1. Mind giving me the nanometre distance, one decimal, between the label points for Arg6 and Ser42, set 7 Å out from Cα along Cα→Cβ?
2. Pulled fully out, how much extra length does the chain show between Ser25 and Glu91, if you take 0.36 nm times their separation in residues and subtract their Cα-Cα distance?
3. Would you tally the net charge around Leu41, using a Cβ to Cβ cut-off of less than 13 Å, leaving Leu41 out, and scoring K and R as +1, D and E as -1?
4. Taking 8 Å as the Cα distance limit and 6 or more residues as the minimum spacing, I'd like the relative contact order of the stretch 3-67 as a percentage.
5. Could you run the Karplus curve 6.51 cos²θ - 1.76 cosθ + 1.60 with θ = phi - 60° over the stretch 19-25 and give me ³J(HN,Hα) per residue in whole Hz, x for Gly and Pro?
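No value in this document is a laboratory result; all are computed from the given coordinates. Quick caveat: nothing in here was measured; it's all calculated off a predicted structure. Note: ideal-geometry Cβ built from the backbone for every residue, glycine included; neighbour counts use all protein chains shown.
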Amino acid sequence: MEEWRRHWRRRLREAIDLTRRTQASIALQAGVSPETLSRVLSGVHAQPSFETVVSIIYAAGENVAWILREPETFLSSDDSKRMREIIDFLESNFAPMEWPISLLD
C-alpha cells in the first residue's frame, strides 16, 4: 500500500495540532461537526468524502499536497524535464561570474 494511504490521517492530525487550535474550532471552520472530525482522524469514518477531508485540511492551514507528501512543484513533469535541460545547458555553457565583494574592489 502506498505510504500516503497509510499516513494521511496522522499528517492531518499533525497539521491540526500545529495550529494550536481546538478540534472544535477546526471543525467549525471546516463546516463539519466535532464528532465528524474526530471520526475522520480516528479512522472510524473509514471513507470520508473528499470534500470533507479537503475542508479540514484547509481549516488546519495546510494543503492536500502536504498531507499526501507530494513534492511542491508548479510545473508538469514535461515542464520540469525541460527546465532541467535548460539549467544543465546554462551551467555547462556559462561560467559563474565572480562578483566583487564590494563596489570598491
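1. So the two model labels end up 2.4 nm from each other.
2. So the extension gain works out to 18.8 nm.
3. Numbers: positive: Arg9, Arg10, Arg11, Arg13, Arg39; negative: Glu14, Asp17, Glu35.
In short, +2.
4. 40 percent
5. Each residue's phi maps through the Karplus curve to give 6, 6, 9, 6, 5, 4, 5 Hz.
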